[in-house]
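In what follows, a single structure is set out as structure tokens and then discussed.
Please treat every number below as a calculation from the coordinates, not as lab data. All of these numbers come straight from a predicted model, not from anything done at the bench. Methodologically, a virtual Cβ is constructed for each residue, glycine included, from the backbone with ideal geometry; neighbour enumeration extends over all protein chains shown.
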Amino acid sequence: MAHPKRKHSTTRRDKKRTHQKLSAPAISVCPECKQPKTPHCICPHCGTYKGKKYVEKKEKKPKK
């Protein structure tokens, strides 16, 4: 395997890493409950997608 003759500088290393950053996830607003959600997915808060109810949300029972 080939090895570098000289050490790469930190500037050169960092220039290579500039494209390896994470991007923020896309967020849209649910038209029913106005809560943030991921696009093209069922809303985790109210359970609707494109105006139709797909998931019934259960009420949490308090622990005794």
TODO: Determine whether K57 is in a loop (DSSP other than H, G, I, E, B) and either touching a helix residue (DSSP H, G or I) at 6+ places or on another chain (Cβ under 6 Å) or surrounded by 10 or more Cβ atoms within 10 Å (Cβ to Cβ) (or both).
DONE: yes
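Of all residues in the stretch 5-31 being in contact with a strand residue (DSSP E or B) (Cβ under 7 Å, 6 or more places away or on another chain) and assigned to a loop (DSSP other than H, G, I, E, B), which is nearest to I42 (Cα to Cα)?
Of everything passing the filter in the stretch 5-31, C30 is nearest to I42 (Cα to Cα).
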Task: Residue in the stretch 6-54 that is surrounded by the most Cβ atoms within 10 Å (Cβ to Cβ), counting only those that are touching a Ser or Thr at 6+ places or on another chain (Cβ under 8 Å) and among the aliphatic types (A, V, I, L, M) - done: I42
